[in-house]
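See structure below.
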Amino acid sequence: AQSVTQLGSHVSVSEGALVLLRCNYSSSVPPYLFWYVQYPNQGLQLLLKYTTGATLVKGINGFEAEFKKSETSFHLTKPSAHMSDAAEYFCAVRRGGNKLVFGAGTILRVKS
Amino acid sequence: KAGVTQTPRYLIKTRGQQVTLSCSPISGHRSVSWYQQTPGQGLQFLFEYFSETQRNKGNFPGRFSGRQFSNSRSEMNVSTLELGDSALYLCASSLDGGGGNSPLHFGNGTRLTVT
């Protein structure tokens, strides 16, 4: 079965600091992996996706993630946090058709 | 291009009633999926429709049902509402059936409150 674990339900960083949100997956086959962001009272917005090919994936708003098969990880990073990055972030793995299995989410707080 | 549209945005219902939520996918998208989001259980998959056929179903009771129309618009219905059905219901559409690289695009959801 495929599942996703996000380490840290809350992460706090200072504005301008590195953002690192952790995601580990379990999958018996090469996974399709996604990061989504959710702002209050809104739906999910796709940040980036990994399907095949290059293991370093660049997304929107300066975010990127690296697929590491040996570590079964897909951590999300951004070099410099901005106040507007404060939101909840979800890692997800595609499991059959268009069914996504989501992690529990990480709330990112950005301090000024 | 318009995004995924969900109506209504907010609903308040009483226990025992039924409710119908609507989702209009992005133009040209043939797959529509539904998810339930609650603070306790997080994001959980309800079901997926592709070309009017249900392809996948999550672990929800039979009170939760859905359908997809020929124009790809989808509805989900919850009968005999329970307090625990209070949640944000998210609809997502995708261009293909999941075998390709098309991601899911989500709507802003319908917030259902059951009293």
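The values are calculated or read from the model by the stated rules, or taken from the named source; none is laboratory data. Computed from a prediction, not measured in an experiment: that's the story for all the values here. Using ideal geometry, Cβ is built from the backbone for each residue, glycine included, and neighbour counts are taken over all protein chains shown.
Tabulated data for the structure shown
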| item | result |
| --- | --- |
| Matching residues, the range A:23-37, being crowded, with 17+ Cβ neighbours inside 10 Å and either in contact with a Lys or Arg (Cβ under 7 Å, 6 or more places away or on another chain) or within 20 Å of A:ARG95 (Cβ to Cβ) (or both) | A:CYS23, A:ASN24, A:TYR25, A:SER27, A:PRO31, A:TYR32, A:LEU33, A:PHE34, A:TRP35, A:TYR36 |
| Single residue of the range A:62-89 satisfying the filter (modelled with pLDDT under 95 and outside any strand (DSSP E or B)) that is surrounded by the most Cβ atoms within 10 Å (Cβ to Cβ) | A:THR72 |
| Set B:GLY16, B:GLY42, B:GLY62: member being within 13 Å of chain A (Cβ to nearest Cβ) and either under 25 Å from A:PHE34 (Cα atoms) or surrounded by fewer than 19 Cβ atoms within 10 Å (Cβ to Cβ) (or both) | B:GLY42 |
| The range B:28-73, residues that are of a type in the set (Lys, Arg) and at pLDDT 95 or above | B:ARG63, B:ARG67, B:ARG73 |
| Subset of the range A:93-112 (residues that are part of a strand (DSSP E or B) and more than 8 Å from chain B (Cβ to nearest Cβ)) | A:VAL93, A:THR106, A:ILE107, A:LEU108, A:ARG109, A:VAL110, A:LYS111 |
| Within the range A:74-87, tally of residues that are under 26 Å from B:GLY58 (Cβ atoms) and within 10 Å of the chain's Cα centre (by Cα) | 2 |
| Set A:ALA1, A:ALA54: member being within 28 Å of B:GLY107 (Cα to Cα), of a type outside the set (S, T, N, Q) and modelled with pLDDT under 90 | A:ALA1 |
| Unique residue being under 21 Å from B:GLN18 (Cβ atoms), of a type in the set (Gly, Ala, Ser) and touching a residue at least 60 places away in the same chain (Cβ under 8 Å) when the list is B:GLY109, B:GLY58 | B:GLY109 |
| Check on B:PRO25, within 14 Å of chain A (Cβ to nearest Cβ), closer than 18 Å to A:GLY43 by Cα and at pLDDT below 95 | no |
| Pick from the range A:10-49, criterion in contact with a Ser or Thr (Cβ under 6 Å, 6 or more places away or on another chain) and in a loop (DSSP other than H, G, I, E, B), ranking: modelled with the lowest pLDDT | A:TYR32 |
| Which numbered condition B:SER33 fails, given (1) more than 11 Å from the chain's Cα centre (by Cα); (2) over 17 Å from B:GLU82 (Cα atoms) | (1) |
| Given (1) surrounded by fewer than 13 Cβ atoms within 10 Å (Cβ to Cβ); (2) closer than 27 Å to A:CYS91 by Cα; (3) not hydroxyl-bearing (Ser, Thr, Tyr), index of the condition B:GLN36 fails | (1) |
| Residue satisfying condition, being closer than 20 Å to B:VAL32 by Cα and touching a His at 6+ places or on another chain (Cβ under 8 Å), within set A:LEU100, A:LEU33, A:LEU46, A:LEU20 | A:LEU46 |
| Members of the range A:1-34 that are at positive phi and under 15 Å from the mean Cα position of the chain (by Cα) | A:GLY8 |
| Tally of residues being surrounded by 11 or more Cβ atoms within 10 Å (Cβ to Cβ), among the aliphatic types (A, V, I, L, M) and either closer than 11 Å to B:ASN108 by Cβ or at pLDDT below 95 (or both) across the range B:1-13 | 1 |
